[in-house]
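The values are calculated or read from the model by the stated rules, or taken from the named source; none is laboratory data. Values in this document were obtained by computation on a predicted structure and should not be read as measured data. Cβ sites come from the backbone with ideal geometry, for glycine too, and all protein chains shown count toward neighbours.
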Amino acid sequence: MRATQLRRGQVIRVDGQLYTVLEAVHVTPGKGVPCMQTKLRNLDTGLTTERRFRSTEDVEQVYVEQKPMEYLYSSGDEHYFMDLETYDQISFRTEMIEDILPFLKPNTEVTVLYCDDRPVAVEPPRTVDLKIVETPPPLKGATVTAQYKEAVLETGLKVQVPPYLRPGEVVRIDTATKKFVERVSEQESS
């Protein structure tokens, strides 16, 4: 496939190594050749690297199988997931999934990517509902405006939220952008 078709979550082979695409942005400099600026995670070592591909360059996409799984718990540097069909459990080291850890709480359904019958990556759901545990008090008379304040969520993730939200409220977060989407009622998040 052409480098311009690279998208977040794909698994590619570069120089004989497997990588998952964390970010892919098409860059068109004023002078020069357009390219794809990518952030990649090596699936063997867990290390991230940035790499540019020329727009006309071919990149080898690797076939991956997707399995629905449920995040169970973390113990030290290992994070455990259960296959929803077979109930088999697998684990990932922190460095392999550190970018999605702030979206995981027990019982969160995720998609685990398999390549050559081995688990290589975890994709979080598109959005997650998390409780605010810490944020400054609501601003008097605050309504939905362009002003935002920082909030710490139950997983430790820090996001900008509208000023009227309080600790204990549940908010929906977009996992791709790490941004506030909406406030969620308790019945909706159950």
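The table below gives the values:
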read-out	value
Any hit, the range 86-105, residues being surrounded by fewer than 16 Cβ atoms within 10 Å (Cβ to Cβ) and within 22 Å of ARG172 (Cα to Cα)	yes
Test for GLU78: is it within 28 Å of VAL170 (Cα to Cα) and in contact (Cβ under 8 Å) with a residue 40 or more places away in the chain	no
Members of the range 21-40 found to be within 16 Å of the chain's Cα centre (by Cα) and either at pLDDT below 85 or part of a loop (DSSP other than H, G, I, E, B) (or both), listed by number	LEU22
Failed condition for GLU70, given (1) free of Cβ contacts under 8 Å to residues at least 40 places away in the same chain; (2) of a type in the set (Asp, Glu); (3) closer than 22 Å to ASP174 by Cα	(1)
Residues of the range 67-124 satisfying the condition of being in contact with a strand residue (DSSP E or B) (Cβ under 8 Å, 6 or more places away or on another chain), among the polar types (S, T, N, Q) and either more than 22 Å from LEU40 (Cβ to Cβ) or in the same structural domain as GLN17 (by TED's automatic domain parsing) (or both)	SER74, GLN89, SER91, ASN107, THR108
Given (1) part of a strand (DSSP E or B); (2) surrounded by 14 or more Cβ atoms within 10 Å (Cβ to Cβ), number of the condition GLY46 does not satisfy	(1)
Residues located in the range 106-120, provided they are under 16 Å from THR155 (Cα atoms) and either acidic (Asp, Glu) or surrounded by fewer than 13 Cβ atoms within 10 Å (Cβ to Cβ) (or both)	PRO106, ASN107, GLU109
